[in-house]
Each structure stands twice: as structure tokens, then as C-alpha cells.
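Each reported figure results from applying straightforward, stated rules to the coordinates on display, with no laboratory input. Since the model is a prediction, treat every value here as computed from it, not as a measurement. Here the Cβ positions follow ideal geometry from the backbone for every residue, glycine too, while neighbour counts run over all protein chains shown.
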Amino acid sequence: MYSLRDKYAISGVGWTDYSKDSGRTVRSLASEACLKAIGDAGLSVKDIDGFVSFNFNDSVPAISVATEIGVPAARYANDFLSGGNAANMIVLTAAAVIEAGLAENVVCYRAMNGRSGFRLGGGRDLSAYGITQFTAPFGWITYPQAMAMWCRRHMIEYGTNAEQLGEIAVTFRKNAMLNERAMQREPMSMDDYMNSRMIVDPFRMYDICLETDGACAVLVTRAERARDLAQKPVYISGGAYGGGPDQGEDLFDAIRWPDHSHNYAKYIADDLWKSAGMGPSDIDVAEIYDCFTYSVIMQLEGLGFCKEGEGGEFVRGGRIARDGALPMNTAGGLLSEGYIHGLNHVIEAVHQLRGQAGARQVAGAETCLTTAGAMTCGSAMVLRN
Amino acid sequence: MSYPKPLPVLDPETRPFWEACRQGRLLLQCCAECGHPRFPPTRFCSRCNSAKCEWIESKGEGTVFSWIVVRHPVPRDVYAQDVPYVVALVELAEGVRIPSNIVECTPEDISAGMPVKVVFRPVTADITLPLFEPTKAI
């Protein structure tokens, strides 16, 4: 159980352009985002002594960023072998690292040439080692193919349908249209969604997130330090990481997972809400990991915003729109803003809680839920201003 | 021409499974201590942690737990001729799930819980894949 309620804060955020072809090294993207996060807080590189990142596919080691930007002495540098499941866990880890006395001001980043370099959606080595020998030889290779298998289960059990998935995609696109960072800002109607190409039934093209070149960084400090820095502190009220039994042998594998209608969220909900001293009804804005439309439904159910099986209906009727009861993915999410493996959700949460979200600002936002992960393991945080 | 699709790379735990497939048999592990059946193969039983295991022959009968229809080929050059194809999680009667393809029917024929049975398809001299087809004539 996370026991550091409001003791640590996000003091700075930084990001690069999100593009399809950065024309740059991943290291330089990471360094740019980290420098911007440090500068955003009003700190200097000399103040930074810790780095945390994750590197499931394309990335660069934390020490290479520390080297490029000239950190005097990194006392902590950790690269988790993880995917989007870690995008909130690295922020929680930064707080734990400071609490333990291993570092004082810690930058968390994710950097990738996710479109021009290593494409996560592009398939794998054709030699199927390890657990992959039981999936890839059957042409079950990409993450959209993995998650579509989960989505079918929800459709079988609860009758979840394309219109419900489509409302998620259309809603997030509307938000992206107000976000200067977003890669996809063209209008999308429900007809556009329904007519988008079927990639892997039941997923259409617009059920699947973008592939992005870019980087995001988040600076974590002690809360009392944050109050003396340049920006309004965003406090980490609570958080959790985990999943259930049989999380699988890698991030694709869920052969033994008990129930593909429900993901990691139901297993971390108690820890998350107890750590924050809040519940779903206390959340003003939600930034939900949307590598696919369907992953949103499982997380809403798992975290208790609605009952199991009711996630599809929950998202209908404007409830998750910017002016709805639960404004969600206000920057456009991974589906329309960009895919920096979930860390871009944390940046948007910080902007909402600082009142810096411009045309997409949710009035009076005081609390924000961020989540990271779609399948058997993941992480989430409750942030507040 | 060499086989263009992903091929399993056998390891000490999985070799008995793939060698049995070549002989037209579908093998699963069963814990010799607690009787827990398991797939995919591992050295230790996840229920009791015993390393003692027996290989049991599956009847090769199961039902469709979930399925997808791949319509966009990835990698394109490898699967362009195959789409649309069906990948399913098949729940075997022995109580474990196995990923495979459903063949000998169209994607529209597939439904949840549909009974299927294993068929073996050699793809190289060394590798035979266990696929599944509908138990009842479509």
C-alpha cells in the first residue's frame, strides 16, 4: 500500500513535438523532454540526481540522458523493462526513491521513435522464442491482435458493441481538436469511426492508438520543495501498481489470465482508492490509458466507476465528454493526441490541475485520475492540486 | 522456398510438446504432485511449485473461448495471402487454454463456445502446428 499521500509532487513537466518522423535520435528526444521538465519547475540540471524510465521497445538508458544533459552525479537511474503498464508506476517509484533517501529530485521520462523507429504495432522477430512460440506461429503477433481477443470476450459476456467503442474514439478526438500538441486534430464523426477499416475484428482502425515519435518527462520532488518552485504543485495523493494471478510471461501473453473481460484495474482498485483516501466520485478529470478504445471500458469497470459489464453504456450519452460528468482524456489520449506510452496522460493531468489546459480546461478541476496499462498489469495515480 | 511465417524455437520445456505435435499428438503438462493441468509448458507447477510433471495426451477437443479475425496483415508480405484468418483461444476439455487458428470454416461461422477439435498441419520438416476445426460440419 502506497503510504506517501501528498508527500510528493509533480513539479515540472516537459514534452517534445509528437510526430510520425522526428528525424532525431531517441536520446535527444528524451533529453529535450527532461530539460523542459526541469526548466518548467525552475530547477537546474545540477539539482537533478535521479532518473526513472521504461523501455519495452524503443528507448535509451537513463544514464545516457544524464550524460547528455550533464547531470553532475546521478544517484539513482533505473530503466524498467516495461510497457504502458509502467507509465504511472515510474512516477510512484520516483516518490519511493526520494522517500528512501536514494535521490532528491527525480525525472521520469519515456522517449521513443514509435513510428519512424521501432513500431510496436509492426510485428516481431519471426523466430518465436519463449512464450511467443505459442502465439506468433498462428499469426497472433501485434498488440491490436492481442487486445481484440480481450474485447471479444466483453462483447460475448455483456453485449458491448461498436457504437460504444466508437463514442470513446469520437469523444477523445473532439478533445484533441483543442490540443495544439495532438497529432490527430481532424474531426471524426461516428460514421467516420464505423466506416474506418476493420484491422482485426472486432477492432477498426479508430479503435487503435497512434504510433508516435516523441518524449515526455515528469519531475518529482518533495511536496515542500514543490511549493517553493515555479509552478503550482500537483500532489501525488495515491497510487497503485499490479494485477491479478497469471499476469503472463510477457506483456502480450494472457493465455492463463482468468477473465479477459476484466483487466488489471479491478485488482489495484482497493489499493488505489485507499491510498488516496478518495473514491471514483471524488474524481474531477480522468486520463485513462487508451491504447485501444476497449481498454477504457475495462478500467472504468475495474476502478469502480460503474459495475462490471456496464462500461459500454457508461461511456454513452456524453458522460465522458469535456462538459460531461466525468471529463476524460481531455488532450485526446493515446488514440488522438499521441502514444508516448501513457506518460503524456500524466502531463495532461498536470496541466488540468494547474489550470493550464487552455481551451480544453475543465473548470475547477481539483483531482485527476491517471491510469497506465491495458491488460494483465498496470498502474494508476490520483493527483490533486 | 523457406517457410515465411514465425516458427517456434523449441526450448527444454517446450520440446516434448512440439515433438508430439509432429507425431499427431497434443500433449499437456499435468503436475505429478497436485494434478493441476497446465499450458504453456513450464518447469514448475504454479499451484504447488513441484517440478515433477507428467505429460498427458489431450483429447484435442475444446470450445472457442474468444477469437479475432485478422483482416490487416502484419507483417504485410508474410500474411497478405492469408487474410482474413481466425486466431482463437481454445478452451480444451482438460481445463487449459491454447491459442491457435480455426480452419475449415469461414470467420462468419465462428461463435462463442463453438466445439472444435485439433488437426495437425505440418509446416516444415520439423514443425507441425496444432490447429482446430469445427467439430460439427458447418
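The trypsin sites (Lys or Arg not before Pro) of the range A:58-164 that meet both conditions, a loop assignment by DSSP and at most 16 other Cβ atoms within 10 Å of the site Cβ, are A:ARG75, A:ARG119.
Taking every residue in B:41-51 and counting other chain Cβ atoms within 10 Å of its Cβ, the average works out to 1. Of all alpha-carbon pairs in the protein assembly as shown, indicate the percentage at a distance above 35 angstrom. When all Cα pairs of the protein assembly as shown are counted, 35 percent exceed 35 Å. Dipole magnitude for the range A:28-167: computed about the Cα centre from +1 point charges on Lys and Arg Cβ and -1 point charges on Asp and Glu Cβ, it is near 380 debye. Between the listed residues A:TYR2, A:PHE51, A:ALA146, the Cα displaced farthest toward the positive end of the dipole of chain A, a dipole computed from Cβ unit charges relative to the Cα centre, is found at A:PHE51. Applying a threshold of 28 Å to the alpha-carbon distances of A:LYS232/A:LYS266; A:LYS20/A:LYS46; A:LYS274/A:LYS307; A:LYS36/A:LYS232 flags A:LYS232/A:LYS266; A:LYS20/A:LYS46 as lying beyond it. Qualifying GluC sites (Glu not before Pro) in the range B:86-138, where qualification requires a DSSP coil assignment and no more than 15 other C-beta atoms within 10 Å, comprise B:GLU104.
Rounded to the nearest Hz, the phi-derived 3J(HN,Hα) couplings of the range A:306-323 under the Karplus curve 6.51 cos²θ - 1.76 cosθ + 1.60 (θ = phi - 60°) are 8, 6, 4, x, 9, x, x, 6, 4, 7, 7, x, x, 4, 9, 6, 4, 9, where x marks glycine and proline.
Within the set of other residues whose C-beta is less than 9 Å from the C-beta of A:ASN105, count the net charge using Lys and Arg as +1 and Asp and Glu as -1.
Summing Lys/Arg as +1 and Asp/Glu as -1 gives -1.
Rounded to the nearest 500, the helix-only mean residue ellipticity at 222 nm of the protein assembly as shown stands at -7000 deg cm²/dmol, with each DSSP H run of n ≥ 4 adding -39,500 (n - 2.57).
Would you please put A:373-380, A:28-35 in order of how densely packed they are, using the mean number of other Cβ atoms within 10 angstrom per residue and starting with the highest?
Top to bottom by mean Cβ count within 10 Å: A:373-380, A:28-35.
Descending by average beta-carbon neighbour count within 10 Å, the peptides A:77-88, A:185-196 line up as A:77-88, A:185-196, the highest first.
Build a GNM of chain A with springs between Cα atoms under 10 Å apart, and of A:GLY12, A:GLY238, A:GLY318 the one that fluctuates most is A:GLY318. Springs between Cα atoms under 10 Å define the GNM used for chain B, and in it the highest mean-square fluctuation of B:ARG97, B:ARG15, B:ARG76 occurs at B:ARG76. Coupling constants for the range B:123-135 follow from the phi torsions by the Karplus curve (6.51 cos²θ - 1.76 cosθ + 1.60, θ = phi - 60°), and in residue order they are 10, 9, 4, 9, 10, 10, 8, x, 10, 10, 9, x, 5 Hz; glycine and proline get x. Sorted from greatest to least, the principal axis extents spanned by the alpha carbons of chain B come out as 45, 36, 24 Å.
How charged is the neighbourhood of A:TRP257? Take every other residue with its Cβ under 13 Å from the Cβ of A:TRP257, and add Lys/Arg as +1 and Asp/Glu as -1. Here the count lands on -2. Pair-distance distribution of the range A:78-221: all C-alpha pairs, bin width 5 Å, starting at 0; shares per bin in whole percent are 2, 8, 12, 14, 17, 16, 13, 10, 5, 2, 0. Separation of the range B:99-138 and the range A:1-53, taken as the distance between their Cα centroids, equals 49 angstrom. If one puts a single equal scatterer on every Cα of the range B:68-107 and applies the Debye formula without solvent, what log₁₀ I(q)/I(0) results at q = 0.15, 0.17, 0.24 Å⁻¹? Here log10 of I(q) over I(0) equals -0.42, -0.51, -0.80.
Taking 25 °C and 0.890 mPa s as conditions, the range A:226-371 diffuses translationally at an estimated 153 µm²/s according to Stokes-Einstein applied to its Kirkwood radius (Cα pairs). Once the convex hull of all Cα atoms in the range A:58-160 is built, its volume per residue stands at 167 Å³.
If you take the C-alpha gyration tensor of the range A:139-233, multiply each eigenvalue by 5 and take the square root, what semi-axes do you get, largest first, in whole Å?
Sorted largest first and rounded, they come to 34, 18, 14 Å.
Placing +1 on the Cβ of every Lys and Arg and -1 on the Cβ of every Asp and Glu, with nothing else charged, gives chain A a dipole about its Cα centre of roughly 520 debye. Of the GluC sites (Glu not before Pro) found in the range A:152-254, the ones in coil according to DSSP and having at most 16 other Cβ atoms within 10 Å of their Cβ are A:GLU180, A:GLU249.
Taking the Cα centre of the range B:15-134 as reference, the dipole from Cβ charges on Lys and Arg (+1) and Asp and Glu (-1) amounts to some 400 debye.
With a cut-off of 11 Å between beta carbons, the residues surrounding A:TRP15 carry a summed charge of -2, where Lys and Arg count +1 and Asp and Glu -1. 3J(HN,Hα) along the range A:226-233, derived from phi through the Karplus expression 6.51 cos²θ - 1.76 cosθ + 1.60 where θ = phi - 60°, amounts to 4, 5, 9, 9, 6, 10, 4, x Hz, with x in place of Gly and Pro. For A:CYS377, the amide hydrogen comes within under 5 Å of the amide hydrogens of A:TYR264, counting only partners 5 or more places away or on other chains and with H modelled in the peptide plane.
Within 10 Å of each Cβ of A:138-150, how many other protein chain Cβ atoms are there on average? Averaged over the peptide's residues, the number is 6. With q set to 0.12 Å⁻¹, the log10 of I(q)/I(0) for the range A:286-368, from the Debye formula over equal scatterers at the Cα positions, is -0.33. If I model a spin label at A:LYS7 and A:GLU180 as a point 7 Å from the Cα along the Cα→Cβ vector, what separation in nanometres do I get? According to this spin-label approximation, the distance is 3.8 nm. Spatial offset of the range A:139-207 relative to the range A:321-385 amounts to 18 Å, using the alpha carbon center of each. Of the residues B:TYR79, B:VAL64, B:VAL9, the one whose Cα sits farthest toward the positive end of the charge dipole of chain B, with +1 on the Cβ of Lys and Arg and -1 on the Cβ of Asp and Glu, is B:VAL9. Counting only residues at least eight positions apart within a chain, or on another chain, the aspartates and glutamates with an alpha carbon under 17 Å from that of B:LYS5 are A:ASP125, B:ASP77, B:ASP82, B:ASP126.
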